[in-house]
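The structure is given below, and queries will be raised subsequently.
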Amino acid sequence: MNEIHYSTRRQKLLDTLEEGVVILSSSSPQTRSNDTEYSYRQNSDFYYMCGFEEPNSILILLKTPESTRSILFVEACSAEGALWNGACLGVEGARERFSMDEIHSTLEYSGLIKEILREHTALYIDFLDDSSSVKLAQQSVKELRETRGVKKSIRAIHDVTYLIRSMRLLKSNEEIERIKHAIAITASAHHQAMRECKSGMKEFELQAAMSYIFLSNGATSEAYGAIVAGGNNANTLHYIDNRDLLLDGDLVLIDAACEWELYASDITRTFPINGKFSDPQRDVYEKVLDVQLRVIDAIKPGVKRDWLQQYSEKLLCQALIDLGILKGEITPLLESKAHKKYAPHGIGHWMGLDVHDPCPYFDDEGESLALSAGMVTTIEPGIYIRADDESVEEKYRGIGIRIEDDILITDEGCENLSSMIVKTVEDIENLMMNKEGICVHLMKTY
Ligand SMILES: [Mn+2]
């Protein structure tokens, strides 16, 4: 992504405003414990508008009836900071790299924001932004209100995230390339987990095998905390302990994926620990896979998200009836939401800069959003039967299965961006038996 990308986005955002001041802050470094920090991750909305990855930075966009202006405030470099934390770009470095109208040191922000706010009537912020940049702006608004002779004053505060996240719904080709790259690395990692899996291993050993592939291919991070859930652990939807033994005869559900240059992937595969599905496992697995394939098949521009959800629930409910897990007619079962006991979560979510991209799911009229080309959604049906559920035949108890792929909506319909990751019973068993099969080798990207 180059500078034109970001300046086009800024212009597009400003085009939707009559006039006003937009303030966006970078993420703040987060303490993990005492004086150690989590690895830094830039605020996605901030990054989307300027591509700047350092902390302690602020982006201001201005619009008057006559003109627009973009101003970036960056941390000034110091020899002390460089010694401990490495060099930052600094004002001069940022001016060389980024095409903003103005770039200043963050130290100049408090003085400049007051001068800026006295020329405007509307302020656009992230309501959850509790950084000093917003607090200083609010303080300035108050001071200006108490100052005689100021011609304009801020009369409205708006949420800027809705505007940005509506833009984030439609991915550019460059964004899709980053998502594809994340998926390619994640594909290698899932295949490696299938190859290395043996009964008697610990869940975290599979996680480690995948992390090795993420890191050795240059992925900056996992896109989210990996779920490696053997046996009945798969029935805890957000299981992240990953410390149990993997047992012969059980399945393992792995929901894990990496982030590439701030863009996420999100993939789940479920496979037999010993390499061979038992008959009951295969029965449930093929039902989930069939639902997933049918839902993906239905994806095309114009289809509404809530229709997709209802369609998937209908298919899952029918699958549960076919398996004998639910008994009765589909219509009353759907109405009473009986299927939710075994298929409790949604069919998917937007994905992009965030693994759960916070883009709108409804339009301005409150209608469920219709899919259009350039959107990326996960499709991830699952069936979960707890080990202690005595209302279900014993052979199915303890089985938890989810299959998740990342889908790009195209003009013609859709493209499964993660279709290279094996998921039929035959392909999984072949890969686990031959350790080769359909094999995506480690890519050298460095
Ligand atoms: Mn997901």
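We did not get these values from a lab; they are worked out from the coordinates using the rules stated. Quick caveat: nothing in here was measured; it's all calculated off a predicted structure. Neighbour counts are summed over all protein chains in view; Cβ atoms, including those assigned to glycine, are modelled from backbone coordinates with ideal geometry.
Taking 0.36 nm per residue of separation and subtracting the Cα-Cα distance, what length does fully extending Thr410 through Arg32 add?
Net length gain for the segment: 132.0 nm.
Mind checking which lysines have their Cα closer than 21 Å to the Cα of Lys151? Skip sequence neighbours fewer than 8 apart in that chain.
Partners found: Lys63, Lys114, Lys142.
Give a residue-ordered list of calculated ³J(HN,Hα) values for the range 94-103 (Karplus: 6.51 cos²θ - 1.76 cosθ + 1.60, θ = phi - 60°; whole Hz; x for Gly, Pro).
5, 4, 5, 8, 10, 9, 9, 5, 9, 10
Pairing the Cα long axis of helix 305-322 with the longest principal axis of the chain, what angle in degrees results, from 0 to 90 and rounded to the nearest 10?
The angle comes out near 20 degrees.
Taking the beta-carbon count within 10 Å as an exposure proxy, list Ser57, Ser368, Ser44 from fewest neighbours to most. Let's see the in-between values first.
On the way: Ser57 26, Ser368 15, Ser44 21.
Exposure proxy ranking, most exposed first: Ser368, Ser44, Ser57.
When Arg9, Arg32, Arg148 are ordered from fewest to most other Cβ atoms inside 10 Å of their Cβ, what list results?
Working: Arg9 19, Arg32 10, Arg148 4.
In order of increasing Cβ crowding within 10 Å: Arg148, Arg32, Arg9.
Tell me which of Gly346, Pro360, Trp307 sits at the most positive position along the dipole axis of the range 170-434, charges placed on C-beta atoms (Lys, Arg +1; Asp, Glu -1).
Farthest along the dipole direction, towards plus: Gly346.
Follow-up. For the chain, modelled as a Gaussian network with Cα springs under 10 Å, which listed residue fluctuates most, Glu415, Glu367, Glu259?
Glu367
Could I ask something else about it? When His104, His158, His339 are ordered from fewest to most other Cβ atoms inside 10 Å of their Cβ, what list results? Before the final figure, lay out each step's value.
Details: His104 20, His158 15, His339 23.
Starting with the residue having the fewest Cβ neighbours, the order is His158, His104, His339.
Pulled fully out, how much extra length does the chain show between Ala370 and Ser278, if you take 0.36 nm times their separation in residues and subtract their Cα-Cα distance?
Numbers: separation 92, 0.36 × 92 = 33.12 nm, distance 3.97 nm.
Residue separation times 0.36 nm, minus the Cα-Cα distance, leaves 29.1 nm.
Now for a separate question. Could you sort the peptides 180-192, 234-246 by per-residue average Cβ neighbour count (10 Å cutoff), highest mean leading? Could you put the intermediate results ahead of the total?
Working: 180-192: 24.3, 234-246: 17.3.
Per-residue mean Cβ counts within 10 Å order the peptides as 180-192, 234-246.
Using 7 Å Cα-to-Cβ label points, what is the Thr16/Asn430 separation (nm, one decimal)?
4.6
Now for a different question. To the nearest 10 degrees, how steeply does helix 173-196 sit against the main Cα axis of the chain, on a 0 to 90 scale?
40
Using θ = phi - 60° and the Karplus form 6.51 cos²θ - 1.76 cosθ + 1.60, what ³J(HN,Hα) does each residue of the range 60-67 get, whole Hz, x for Gly and Pro?
Here the 3J(HN,Hα) series is 10, 10, 10, 9, 10, x, 9, 7 Hz.
Could you please report the charge total around Leu369, scoring K, R as +1 and D, E as -1 over all other residues with beta-carbon less than 11 angstrom from its beta-carbon?
On the way: positive: Lys304, Arg305; negative: Asp306, Asp363, Asp364, Glu365, Glu367.
Here the count lands on -3.
Please turn the phi angles of the range 223-237 into ³J(HN,Hα) values with the Karplus equation 6.51 cos²θ - 1.76 cosθ + 1.60 (θ = phi - 60°), one per residue in order, whole Hz, x for glycine and proline.
6, 6, x, 5, 10, 10, 10, x, x, 5, 4, 5, 7, 9, 4
What order do you get for 67-78, 302-313 when each peptide is scored by the mean count of other beta carbon atoms within 10 Å, highest first? Mind showing how you got there, number by number?
Working: 67-78: 18.5, 302-313: 16.5.
Listed from highest to lowest mean packing, they are 67-78, 302-313.
Excluding Ile254 itself, what net charge comes from residues whose Cβ is under 11 Å from its Cβ, given Lys and Arg +1 and Asp and Glu -1?
On the way: positive: Arg269, Arg402; negative: Glu203, Asp255, Glu404.
Residues near Ile254 contribute -1 overall.
Take the Cα of Lys152, step 7 Å along the line toward its Cβ, and report every residue of the range 13-32 whose backbone nitrogen sits under 19 Å from that point.
Residues 13-24 fall inside that zone.
Can you give the angle from 0 to 90° between the axis of helix 279-297 and the longest principal axis of the chain, with both taken from C-alpha atoms, to the nearest 10?
That works out to roughly 40 degrees.
Can you list residues whose amide H is under 5 Å from Tyr124's amide H, if they're 5+ apart or on another chain and H is modeled 1.01 Å from N?
Val21, Val22, Ile23, His158
Now for a different question. For a quick check: with amide H placed at 1.01 Å from N, whose amide H comes under 5 Å from Ser418's, ignoring anything fewer than 5 positions away on the same chain?
For Ser418, whose amide H was placed from the backbone, the distant partners under 5 Å are Asp406.
Let me ask something else. Would you tally the net charge around Arg386, using a Cβ to Cβ cut-off of less than 15 Å, leaving Arg386 out, and scoring K and R as +1, D and E as -1? Could the numbers behind the result be given before it?
Working: positive: Lys340, Lys341, Lys395, Arg397, Arg402; negative: Asp250, Asp388, Asp389, Glu390, Glu393, Glu394.
Its environment carries a net charge of -1.
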